[in-house]
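Participant: The structure is given below, and queries will be raised subsequently.
The values are calculated or read from the model by the stated rules, or taken from the named source; none is laboratory data. Fair warning: this is a prediction, and the values are worked out from it, not measured in the lab. These accessible areas exclude ligands, DNA and RNA; they are computed on the full protein's heavy atoms, side chains included. Shrake-Rupley method; radii C 1.70, N 1.55, O 1.52, S 1.80 Å.
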Amino acid sequence: MGWFKRKMGEDNGASLDMVSERIAGSILHWQVRFSAKLNALAKKINKRLLMALMVIAGLLFGGYCLWLVCSLFR
């Protein structure tokens, strides 16, 4: 079983940490950029229209969840 197993050294552990830090950093950068764009878009929309869109989205999501539950008992 030891034929394909790679030995963990100090260098390999450090390189995995560096890769995971780069991935996490890019995800956080993307998240901050996307949230800033969404916040700027939400500030431009009228509050009543935004509330109506949220209510419609909530009703659609609730209807879909209800449909999923009902389809379990067919």
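Participant: Just the residues that are open to solvent by 100 Å² or more (accessible area, probe 1.4 Å) and not polar (S, T, N, Q), please, taken from the range 29-44.
Facilitator: We begin by selecting, within the range 29-44, every residue open to solvent by 100 Å² or more (accessible area, probe 1.4 Å); these are 29-31, 33-34, 37, 43-44.
H29, W30, R33, F34, K37, K43, K44, listed by residue number.
Participant: Hey, another quick one. In the range 45-71, which residue that is part of a helix (DSSP H, G or I) and at pLDDT below 90 is most open to solvent (accessible area, probe 1.4 Å)?
Facilitator: So the residue we want is K47.
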